[in-house]
Amino acid sequence: MVPVYPYRCAPDGLLTRRQLRAAGLRPGGVDPVAEIRWRRGRRFALLYDRTHALPVRPMTEGRRRALNAAMRARRTCPACRRDRGYVIPRSLGCCWPCSDASKEAA
């Protein structure tokens, strides 16, 4: 069981994942040491000790290529196979022009 602190009452040196990332750090495989809760306990964030955090690993060329390919796949419409420049909404399953064309055809 980890200690639970109310919002904005965590001791210095304990950071959330986002705060670690903003500082150029990562948890480094250690378990969280505490958590903060707000909104009557319905929201929480895990806290990590800054002294055990490790530097963020540098982006390698292979990871950069894989990330670019994944983002390109999210922007490519499965119906017209065009890179639309925006992430295709999963609710539609295709780009806006293809979605409008399918509504008009129905």
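The values are calculated or read from the model by the stated rules, or taken from the named source; none is laboratory data. Since the structure is predicted, the reported quantities are computational estimates derived from the model, not experimental observations. All Cβ positions, glycine included, derive from the backbone under ideal geometry; neighbour counts span all protein chains shown. Surface accessibility is based on the protein's heavy atoms, side chains included, excluding ligands, DNA and RNA. Shrake-Rupley method; radii C 1.70, N 1.55, O 1.52, S 1.80 Å.
Select the strands (runs of 3 or more DSSP E) contained entirely in the range 1-101, then report the ones holding at least 2 residues which are out of contact with any Lys or Arg (no Cβ under 7 Å at 6 or more places or on another chain). Spell out how you get there, then give the answer.
Details: elements: 4-6, 34-38, 43-49.
Qualifying strands (runs of 3 or more DSSP E): 34-38, 43-49.
Can you pull out the residues in the range 42-99 that are open to solvent by 60 Å² or more (accessible area, probe 1.4 Å), under 29 Å from Pro32 (Cα atoms) and hydroxyl-bearing (Ser, Thr, Tyr)?
Thr51, Thr60
So the check is Cβ under 8 Å with 6+ separation or different chains; which pairs have a first residue in the range 53-73 that's within 19 Å of Arg26 (Cα to Cα) and without any contact (Cβ under 8 Å) to a residue 40 or more places away in the chain and a second one that's open to solvent by less than 90 Å² (accessible area, probe 1.4 Å) and of a type in the set (D, E, K, R)?
These pairs meet every condition: Ala53/Arg26; Leu54/Arg26; Pro55/Arg26; Val56/Arg26; Arg57/Arg26.
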